[in-house]
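Notes for the one structure printed next.
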Amino acid sequence: MRHGMEKHHDVLLAVIGDVHASWRLLDRVLERALSAQADGILLVGDLGSHELAQVARRTPERDARYGASIEVLLDRLAGCRVPYAFVPGNHDLPDLAHERNADGRVLDVAGLRVAGIGGAGPQRFGFAYEWSEDEIRARTVPKCDVLLVHAPPARTALDLLASRAEHVGSEAIRERALAHDGVLVCGHIHESPGAVELGRCLCLNAGGLGAPYGRAQIGFVRRSGGIPGGWEVLHEDLQSGAVRSFRRTQRDGVLG
């Protein structure tokens, strides 16, 4: 459709938040992605079942159920017949072996370079994939168009807990955003979908499908030479019908 064109070719990517094996909601958002004629799909992590919620509770049986849930997810994505990429979330195994796992590398998705940073931090709760800020600062992230991360940047509207109005995002991810020229997509904090602009980086939290605060919601990233600033992100709440769009203005602040 719009694949493989020049530098400023138009591309539309669907962004799916924390799935947590919520198949009914996943089917609904995948249907929306296809109806929007998305050129590709990005998943921000926490993909499978809650079987790995706490590492201390892992057993071979729980690992097998988690692995089966990942296979269900991948089968649904393959059925969409568009390119996709994902990163593992803090509830996922950090070493998910799959060609479309972007964690620690760059993948091409519909002509856009997508670099991944999976897992979450700096808080430690005993989940399967957690890291410190310094570990993320030490990572080499190649030049890309889209940063596909699980954890949101710190001190933004994207990392705010509803339960106690506290920011819990990552300072290291914020630093990555401020150094990036393009788009960052994230999840992890299910209840804080929306967008902010940090420097020249337009950041989108797609919101979560799984509990807590899970609902049918989806994000979109549009790259177009016809858009001032070159990038637009959208958030659609499929339950309420509310649609919010945000364009890069090259200033630091919350977009409305």
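The values are calculated or read from the model by the stated rules, or taken from the named source; none is laboratory data. This is a predicted model, so every value here is computed, not measured. Virtual Cβ from ideal backbone geometry, glycine too; neighbours counted across all protein chains shown.
Report, by residue number, each residue of segment 76-107 that is part of a loop (DSSP other than H, G, I, E, B), touching a residue at least 24 places away in the same chain (Cβ under 8 Å) and under 21 Å from Ser35 (Cβ atoms).
Of everything in segment 76-107, those that are part of a loop (DSSP other than H, G, I, E, B), touching a residue at least 24 places away in the same chain (Cβ under 8 Å) and under 21 Å from Ser35 (Cβ atoms) turn out to be Val82, Pro83.
Of these, Arg65, Arg57, Arg81, which one is at pLDDT 90 or above and over 15 Å from Val109 (Cβ atoms)?
Details: Arg57 fails: at pLDDT 90 or above; Arg81 fails: over 15 Å from Val109 (Cβ atoms).
Step by step, each of Arg65, Arg57, Arg81 is checked, and only Arg65 is at pLDDT 90 or above and over 15 Å from Val109 (Cβ atoms).
Scan segment 121-153 residue by residue and report those that are in contact with a Gly (Cβ under 7 Å, 6 or more places away or on another chain), assigned to a loop (DSSP other than H, G, I, E, B) and under 12 Å from His188 (Cβ atoms).
The answer is Tyr129, His150, Ala151, Pro152.
What are the residues in segment 178-196 that are surrounded by fewer than 23 Cβ atoms within 10 Å (Cβ to Cβ) and either of a type in the set (Asp, Glu) or outside any strand (DSSP E or B) (or both), if any? Reasoning before the result, please.
Filtering segment 178-196 down to residues surrounded by fewer than 23 Cβ atoms within 10 Å (Cβ to Cβ) leaves 178-182, 191, 194.
Selection gives Leu178, Ala179, His180, Asp181, Glu191.
Please determine, by comparing only the residues of segment 108-120 that are assigned to a loop (DSSP other than H, G, I, E, B) and more than 15 Å from Ile41 (Cα to Cα), which one is farthest from the chain's Cα centre (by Cα).
So in segment 108-120, the residues assigned to a loop (DSSP other than H, G, I, E, B) come out as 110-111, 118-119.
If we keep only those that are more than 15 Å from Ile41 (Cα to Cα) as well, we get 118-119.
On the way: Gly118: 9, Gly119: 11 Å.
Ranking the candidates gives Gly119 first.
Being surrounded by fewer than 19 Cβ atoms within 10 Å (Cβ to Cβ), farther than 20 Å from Ser22 by Cβ and among the aliphatic types (A, V, I, L, M) is the filter here, so list the residues in segment 197-233 that pass it.
Scanning segment 197-233 gives a single hit, Ile227.
Yes or no: Asp237 of a type outside the set (A, V, I, L, M, F, W, C), at pLDDT below 95 and on the phi < 0 side of the Ramachandran plot?
Spelling it out, it is not the case that Asp237 is of a type outside the set (A, V, I, L, M, F, W, C), at pLDDT below 95 and on the phi < 0 side of the Ramachandran plot.
Only one of Arg113, Arg76, Arg81, Arg100 is touching a helix residue (DSSP H, G or I) at 6+ places or on another chain (Cβ under 7 Å) and over 22 Å from Ile189 (Cα atoms). Can you tell me which? I'd like the intermediate steps shown before the answer.
Working: Arg113 fails: touching a helix residue (DSSP H, G or I) at 6+ places or on another chain (Cβ under 7 Å); Arg81 fails: touching a helix residue (DSSP H, G or I) at 6+ places or on another chain (Cβ under 7 Å); Arg100 fails: touching a helix residue (DSSP H, G or I) at 6+ places or on another chain (Cβ under 7 Å).
Checking each option against the conditions leaves just Arg76.
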